[in-house]
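Below is one structure, written out as structure tokens; comments come after it.
Each reported figure results from applying straightforward, stated rules to the coordinates on display, with no laboratory input. Owing to the predicted nature of the structure, the values given are computational and were not obtained by experimental measurement. No Cβ is skipped: glycine too gets one built from the backbone with ideal geometry, and neighbour counts run over all protein chains shown.
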Amino acid sequence: MAKQKDTSQAGSTTHHNVRLVDTVSLQGQLLIASPHIGDSRFQRSVIMMCQHDQSSAMGVVINHRSDELDIAQLCETLEIGTPRFHGDQPIHIGGPVDGSRGFVLHSQDHMQPESVAVTHEIGLTSSVNILRDITNGIGPVHSIISLGYAGWHAGQLEQELSANIWLNLPASSDLLFKVEAEDLWDEAYATLGIDPAHYASAAGNA
């Protein structure tokens, strides 16, 4: 946390009004791409926000599945053996940053020492151990395995939100793990009670 500069002056009768702007953390929220996002990498994307503070933000796209990669192929690449279970579970493209790095969003029934609680019911783990557990049938009940992530530097995400590039919605296990990836963007808008076509029209006339 950055230290606040002391602007007080002892013995002075002059009063300074100091405006402190606090970043509202979007950790635990879903970012939903607007219909007019203008970046094909994030078209119709839904992002699980895993970290957000004044210095940076990080999230994982949860509805862009790889057309070429599943768990079995990933295990072969990592040389960790043939999966006993879930070999055909798809791998997701988590974002354009560091595409060789893996992230597993999962239910909290299988938290490991290195796992991070993103919400009260969703965990994040980036070690290969959880992949081994999943493929051995002893992992979490629900999981989304992704390569890569989406990242923002200080203030960037706030600017994009102000420009109506993203909407946000509290994440839930049902949305993450029980809605098919291809339906998630539409389901997120339905949960917000917004028709994407109307939202696009309104944004275009802003």
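Observations
- Computed from label points 7 Å out along Cα-Cβ, the spacing between Gln43 and Asn168 is 2.7 nm.
- The sum of -39500 (n - 2.57) across all DSSP H runs of n ≥ 4, divided by the residue count of the chain, sets its helix-only mean residue ellipticity at 222 nm to -6500 deg cm²/dmol.
- Placing R0 at 25 angstrom, the Cβ-Cβ distance between Ala190 and Val116 gives a FRET efficiency of 0.30 after rounding to 0.05.
- Of the two radii for the range 29-204, the radius of gyration is 0.97 times the Kirkwood radius, both from the alpha carbons; that is the Rg over Rh value.
- Theoretical gain in end-to-end length, Glu76 to Asn129 [0.36 nm per residue, Cα-Cα removed]: 17.6 nm
- 0 to 90° range, to nearest 10: angle between helix 181-192 axis and the chain longest Cα axis: 30 degrees
- Whole-angstrom Cα spans of the range 100-206 along principal axes, big to small: 52, 31, 25
- Peptide packing for 24-32, 76-84 was compared via the average number of neighbouring C-beta atoms within 10 Å per residue; ordered from the highest value, the list is 24-32, 76-84.
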